[in-house]
1. Return the distance in nm (one decimal) between the two label points of a simple spin-label model at Gln168 and Glu50, each offset 7 Å from Cα along Cα→Cβ.
2. Lysines within cross-link reach of Lys62: Cα-Cα under 26 Å, excluding same-chain residues under 8 positions apart?
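Since every read-out is calculated from the coordinates, none of them should be taken as a lab result. In this text the structure is predicted, and so the values were computed from the model without any measurement. All Cβ positions, glycine included, derive from the backbone under ideal geometry; neighbour counts span all protein chains shown.
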Amino acid sequence: MPRRRLRDLSIVQNTTNSEEVSTEQQTLVGSSSVAETLDEKKDGTPMSSEAAEIMEKLKDKKAKYEATASTDSSVNFEDIDNRIINEVLGPERYGRVRFQGSGVNPTQYFGSTSHQYMPSGSQSQDEVQRLKDQIVQIQASTNEQISQLRAEAAAREAEQNRKYNELQQQLQSMMTMFHQFQNPPS
């Protein structure tokens, strides 16, 4: 993607006079909406076929992630836009923040203790609980399989013992018959 499209793009929804408004009052627009408006003409058509392809990929990925997120509670909704952009456009360059211009670094934009990429405490606890439940299910399944295998092994051993005893009896009867033929009654 040519640099001219990403260079110095900073989209901020402000009130009337942006110089008088503090950064706390400004609302950042999501990455997907930035990408959607990035390569469109005023009439809404894409600037180029490459831009149209990128927009189509972004929309497809977003639909896929939203479908996944609706069924999977472990998906972080806040991070979906970033994942989509990274998959379609590639990872961000080191020390840069995509769509924020060349002078903005991650520390300035996200702050030194950014929690954007980290799940919240309740999400972490939910994930830990889900994993614990999964471990319990796996352990129960494994224990059930072990007991089933032990029962099968015991049944096989009992069958082998029965066959062994049967063969022993046959051998014993053959030996008696053999001794009777060797020592005929006189």
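1. Those two pseudo-labels are separated by 8.5 nm.
2. Once the sequence-local lysines are set aside, what remains near Lys62 is Lys41, Lys42.
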